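The values are calculated or read from the model by the stated rules, or taken from the named source; none is laboratory data. Remember, predicted model here, so these are calculated numbers, not experimental data. Heads up, the Cβs are rebuilt from the backbone with ideal geometry, glycines too, and the neighbour counts pull from every protein chain shown. To get the accessible areas, we keep the full protein, side chains included, count just its heavy atoms, and leave off ligands, DNA and RNA. Shrake-Rupley method; radii C 1.70, N 1.55, O 1.52, S 1.80 Å.
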Amino acid sequence: ALRGGGLTAPAIHDADTLPLDAVMAAMRDLAGRARAGRLRGSELADPTITVSSIGDRGAEEMIAVVIPPQVAVVAFGAPQERPWVSGGAVVPRTLVRVTLSADHRVSDGRIGSRFLMDLERHLAKPEAL
């Protein structure tokens, strides 16, 4: 959310344990309070991994900048139909570019690579979630 001419990335605490509708409600609440300048310090000071998407604007890819206390940003682009080789044939397939920007003081490329591989596996087989 933009605040005072800059970007803030407030935290949704325990988002991994919340149902999707609760995460969306918390996100709407945080965005509204960020625009009004009414965020709590704990929402701005805790380390987070931010999920961002510019796909709704049609951009295929995003290279995010990590804003402390964030430790990483996972960014999703717009789904695009692309040629894909499957079983020796070229077939159309909908693909999404996902990028990961990380603070190397907190993690390294190997952990980031494992995360992206796991994410790809889960997105390819949604029932695995």
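Per-structure values
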item	result
Solvent-accessible heavy-atom area per residue, rounded to whole Å², over the range 53-129 at 1.4 Å	72 Å²
HN-Hα J in Hz across the range 60-73 - Karplus 6.51, -1.76, 1.60, θ = phi - 60°, x for Gly and Pro	7, 8, 9, 9, 8, 9, 6, 10, x, x, 4, 10, 6, 10
Total formal charge among the other residues, if their Cβ is under 14 angstrom from that of Glu120, Lys/Arg +1 and Asp/Glu -1	+4
Accessible-area composition of the range 54-129, carbon plus sulfur, in percent [1.4 Å probe]	57 percent
0 to 90° range, to nearest 10: angle between helix 20-35 axis and the chain longest Cα axis	50 degrees
Rg over Rh [alpha-carbon atoms, Kirkwood Rh] for the chain	1.01
Proximal charge balance of Thr50 [Cβ under 13 Å; K/R count +1, D/E count -1]	-3
Of all DSSP beta bridges in the chain, antiparallel share, percent nearest 5	70 percent
Cα gyration tensor shape of the range 23-69, rounded if a/c is under 1.5, else prolate or oblate by comparing a/b with b/c	oblate
5 angstrom amide H check on Ser53, placed H, neighbours 5+ away	Phe76
Angle in degrees between helix 109-124 and the longest Cα principal axis of the chain, rounded to the nearest 10	70 degrees
